[in-house]
Amino acid sequence: MPVSTEKMVKVFGRPASLTEARFTYCPGCHHGILTRIIAQIIDELGIVERTVGIAPVGCAVFAYLWYRCDAIQASHGRASAVATGVKRANPNLIVFAYQGDGDFASIGTAESIHAANRGENITVIFVNNQVYGMTGGEMAPTSLVGQKTTTTPDGRDPALFGYPIRFSEMIAQLDAPVYVTRQALYDTKRIVDATKAINKAFTNQLEGKGYSLVEVLATCPTNWRMKPTEANKHVAEVVTKVFPLGDLIDRG
Amino acid sequence: MECSVIIAGFGGQGVILAGKILAQAGMDHGLEVTWLPSYGPEMRGGTANCTVVLSDEPVGSPIVDDPSALIAMNLPSLDKFESTVAKGGTIVVNSSLIDRAVKRGDAQVASLQLNELAEKVGSMRAINMVALGAYVKATKILPLDTVKGAMARMLKKGGKGEFVTINEQALEEGYNAV
Amino acid sequence: MGERMLLRGNEVIAEAAIRAGCQCYFAYPITPQAELLEHMAKNMPRLGRTFIQAESEIAAISMVYGAASVGVRTMTSSSSPGISLKQEGISYLAGSNLPAVIVNIVRGGPGLGDIAPAQCDYFQATKGGGHGDYHMIVLAPSTVPEAGELTMLAFDLADQYRTPVMILADGMLGQMMEPVELPEPIDVASLPAKEWATTGAKGRDPNVILSFDLDPEVLKKMNLALQKRYRQIEAKEVRYEEAATEDADILIAAYGTVARIAKSVVRMASAEGIKLGLFRPITLWPFPYQPLKELADRVKTVLTVEMSAGQMWEDVRLAVAERANTPFYGEMGGVVPTPRRILSEVRKHAS
Amino acid sequence: MPKGMLIIDKERCKGCGLCIVACPHQVLAFSGELNRSGYNVVHMERPEACVGCGFCALTCPDVAIEVYRERVPA
């Protein structure tokens, strides 16, 4: 039954900017899709030789393993500050910080907001999956009301733990950022949209326009205790009600 | 030879700047110097003081147990530092604001109405230079011209060159009052 | 050497950093080091270099981490409570083999403490204030000119050993003014290239800056490499000063501001016929154990004087190891020991 | 419609099944074959239906799918 590819043309392959290393993410985890998208855009823009990626602490702690560009592993929450240091020290570099919700929107709150407020000419990818994946499924700043996590076993009670924080909306209140958007990856249309958004976020930096933030609603099938397909549905039907998709600001 | 002076007063009397000018003048004269301020909230409205040490060899301690001189611009300053002055030392007292006599019998005292002398020159802000002029005369520590030169350079560097003349007059006023 | 100028310790450290080629400076305001920040704010942008008043100490040290990764000379400065916040980043710098200079203008502690000069951060600086098995080189200037010289040296040592280096001074040294001849600026272009820096993977494999490996055996190797470098630093970089030690019966062991105050005490003691010498560590890490040990064989007493409850005293006793008496005199909370107070302590041990 | 073809890297596949759902032509299914990591890997159950749209590859979190498409004469 094997069909020969001789008469065929490759229309989709592994981005050149990805290494051969296998992702350490769980089955169905959106981190993998996002990692591939970023590598693809680094390819498309031809910037792998001048890109520096900042890896966070969390499930994406190994992010430096996936890309064929230089990389720095930052301490928890400080990726935007580290990115600031890199970009200011060498403005020719294309710098992206890849941060989870705990990293970006909890422990790194100050670093995240102030890098945006200074309008640092960097690209920040903010992965919002409403849970702390690496440490075992604890509550994230973005966990939904009622969401069961290992630290909210009866569901997140706003009276005790507050509400899911819409961090991108906070960033969008600032004067400096150029582009703030919320995207998702639960179907191919959203993946295509997210790819365009991330392309824009990198292009803004290449053109010296300033700070771009792409929040990506992602799944955590393992800690949500859902099948990957159910997790996608959950994002589409539940999570997007709390975190609406679309551009929050686009001053590019 | 090692001389030290504590210049003390309240914030706004320019004691920190007076000390800087003295230290600069000492350096210009070829001496080793240290200038040590009180700092922080003290400088913002409360009392302020600085210690200047002038020496012909490298200065060890920038803090002194028994300064060879004190310039007391107000009463709390005299109360705080009078007892520390070395035997035979010099105390310049601003009698405009200090209504008591110096208790020490073993010090050389120059009691001057510094506020009135500053007003005579035409600027209360120059009170620190009046005091410094008096101190220079009482101790003969440096030539007055060296102090004037240091003052002029420091003010010009700080973008306040227009006040050089009035401060020269203030230095002279204090100098001549002793 | 240039013109002799009257400058504050804080200004001299800042200016020396500029002349050492510091390309990026990040800090958060705190007394008593504000003049350092202000000097950088004024001068770095004029030179086309980076100054950022960061949102916090943690952000500042993280920015240092980023700039150091790119291979430029970079610095942050603070005072005690701020340095506590920087410990996360300092540990990361050490673990990631990154050169950087950190200035601590120490004030009274613990907690909020006060803003007066103190030496209570000796443990934190020399014993590893952050997490993990690491050291940083700690340089303790005693005068304003030396603060400048050691700041220049700090950048060189940081680059040479790929390690964070701390300038440990105190509020008095930061605030006081002394005549200084500032060193000539170095030629940054002449510095050796940093092949490991994340400058873009052009024509080479990617460089990665990290302090992380989940495999204990690999992380052990990373640690062993660090330890090997620390042994080299201990062998080559010990610095100290002796004064009047030739025929001394008593030695004061003191560093920084206290050591310069002690120099006055040496003169005062000599006038009383007390044979007093001074041993001043310039590198607090690596601590000059060996030279102090040798001196301890020749004196009866090594009196440690510190503005702390006896932090360096522990290292002094390790070095002296029962060869001599090791009394201690310390002040805390920002109280500065005056020459007379130190002299009265010396007299207790002179008879 | 052009004919498509997929090359699935079995060892990268974690059997999450997102590609199965993403495929508009029901080409993919679990094969029942376990890879070295123990995942039930996806294969082309109906290869003849593949048009090389690439939706599966876009969705694959492990970049395990290469997509080929028949050359359409210009």
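The values are calculated or read from the model by the stated rules, or taken from the named source; none is laboratory data. Not measured: the values here are computed from a predicted model. A quick note on method: Cβ atoms are made from the backbone with ideal geometry, for glycine too, and the neighbour counts reach across all protein chains shown. Protein only, heavy atoms only, side chains kept; ligands, DNA and RNA dropped before computing areas. Shrake-Rupley method; radii C 1.70, N 1.55, O 1.52, S 1.80 Å.
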What average number of partner chain Cβ atoms lie no more than 10 Å from the Cβ of the residues making up B:62-70? 4
Is the shape of region A:170-224 rounded, prolate or oblate, going by the alpha carbon gyration tensor and its root eigenvalues a ≥ b ≥ c, with a/c under 1.5 for rounded and a/b larger than b/c for prolate? oblate
Residues of region A:28-58 that become at least 20 Å² less accessible with every protein chain present than in their own chain isolated, using 1.4 Å: which are they? A:G28, A:I33, A:R36, A:E49
Given a Förster distance of 56 Å, report the FRET efficiency between B:R153 and D:Q26 from their Cβ-Cβ distance, rounded to the nearest 0.05. 0.05
Taking the Cα centre of region D:4-69 as origin, work out the dipole magnitude from +1 charges on Lys and Arg Cβ and -1 charges on Asp and Glu Cβ, in debye rounded to 20. 60
Rounded to the nearest whole Å², what accessible area per residue is found for chain C with the 1.4 Å probe? 36
For chain B: relative contact order, % (alpha-carbon pairs under 8 angstrom, 6 or more apart): 22
Which value, in Å² and to the nearest 10, is the accessible area of D:C13 when all protein chains are kept and the probe is 1.4 Å? 10
Quick one: angle between helix C:34-43 and the longest Cα principal axis of chain C, in degrees between 0 and 90, rounded to 10, please. 40
Label-to-label distance, nm, for residues given as C:D249 and A:T150 (7 Å Cα→Cβ offset): 6.8
For chain B, with the dipole built from +1 on Lys and Arg beta-carbon atoms and -1 on Asp and Glu ones, taken about the Cα centre, which of B:T90, B:L17, B:S68 lies farthest toward the positive end? B:L17
Counting heavy atoms of the protein chains only and a 1.4 Å probe, report the per residue accessible area for region A:31-250 as a whole number of Å². 32
Using only the Cα atoms, work out Rg/Rh for chain D, with Rh taken as the Kirkwood radius, to two decimals. 0.98
Order by protection proxy (mean Cβ within 10 Å, highest first), peptides A:102-115, C:183-196, B:104-117, B:123-136: B:123-136, A:102-115, B:104-117, C:183-196
Enumerate the whole-percent occupancy of each 10 Å bin, from 0 to the last occupied one, for all C-alpha pair distances of region C:221-319. 16, 45, 26, 10, 3, 0
Sites A:M226 and C:L224 - FRET efficiency at Förster radius 56 Å, r taken between beta-carbons, to 0.05: 0.80
What is chain A by shape, rounded, prolate or oblate, if you read a ≥ b ≥ c off the alpha carbon gyration tensor as root eigenvalues and call it rounded for a/c under 1.5, prolate for a/b larger than b/c, and oblate otherwise? oblate
Could you calculate the FRET efficiency of C:E241 with B:D66 from 1/(1 + (r/R0)^6), where r is the beta carbon distance between them and R0 is 30 Å, rounded to 0.05? 0.65
Spread of Cα-to-Cα distances over 10 Å intervals beginning at zero, given as percent, for the protein assembly as shown: 2, 12, 18, 19, 16, 12, 9, 6, 3, 2, 1, 0
Compute the distance in nm between two label points, each set 7 Å from the Cα along the Cα-to-Cβ direction, one at A:F161 and one at C:D156. 5.5
Could you work out how far apart the two model spin labels at B:V164 and A:V192 are, taking each label as a point 7 Å from the Cα in the direction of the beta carbon, and quote it in nm? 7.5
Can you send over the carbon and sulfur percentage of the accessible area for the protein assembly as shown, probe radius 1.4 Å, protein chains only? 53
Give me the Kirkwood hydrodynamic radius of chain C, using the inverse of the mean 1/r over all pairs of distinct Cα atoms, in Å to one decimal. 20.7
Pairwise burial B:C, computed as accessible area of each alone minus the pair, summed, 1.4 Å, Å²: 2100
When the charge dipole of chain C is computed with +1 on Lys and Arg Cβ and -1 on Asp and Glu Cβ about the Cα centre, the Cα farthest towards its positive end, among C:A27, C:A269, C:S84, belongs to C:A269
Give me the accessible area per residue for region B:2-177, probe 1.4 Å, as a whole number in Å². 40
By its C-alpha gyration tensor, with a ≥ b ≥ c as the square roots of the eigenvalues, how is region B:2-177 shaped: rounded for a/c under 1.5, else prolate for a/b larger than b/c, else oblate? rounded
How big is the C/A interface in buried accessible area, both sides summed, 1.4 Å probe, to the nearest 100 Å²? 2500
For D:S31, the residues 5 or more places away or on another chain with a placed amide H closer than 5 Å to its own amide H are D:V41, D:V42, D:H43
Using only alpha carbon pairs under 8 Å that are at least six residues apart, calculate the relative contact order of chain C and give it in whole percent. 18
Distant-in-sequence amide H partners of C:M166 (H built 1.01 Å from N, under 5 Å): C:I102, C:I137, C:V138, C:L139
Please enumerate, by chain and number, the aspartates and glutamates with C-alpha under 14 Å from the C-alpha of A:K148, excluding those fewer than 8 residues away in the same chain. A:E138, A:D157
For chain A, calculate the relative contact order in percent as a whole number, restricting contacts to Cα pairs under 8 Å that are 6 or more residues apart. 18
A drop of at least 20 square angstrom in accessible area, chain alone versus all protein chains together, probe 1.4 Å. Which residues of region C:252-268 meet that? C:R260, C:I261, C:S264, C:R267
Cβ charges +1 (Lys, Arg) and -1 (Asp, Glu), total dipole of region B:40-178, debye: 240
How shielded is A:107-118 by partner chains, expressed as the average number of their Cβ atoms within 10 Å of its Cβ atoms? 3
Inside 10 Å of the C-beta atoms of C:175-183, what's the mean count of C-beta atoms belonging to other chains? 6
Each residue of region C:63-80 in order: what ³J(HN,Hα) in whole Hz does its phi give by Karplus 6.51 cos²θ - 1.76 cosθ + 1.60, θ = phi - 60°, with x for Gly and Pro? 5, 4, 4, x, 5, 5, 4, 7, x, 8, 6, 9, 8, 9, 9, 6, 10, 2
Accessible area buried at the D-A interface, both sides summed, 1.4 Å probe (Å², nearest 100): 2700
Take each of the peptides C:136-145, C:78-87, average the number of other beta-carbon atoms within 10 Å over its residues, and list them starting from the highest. C:136-145, C:78-87
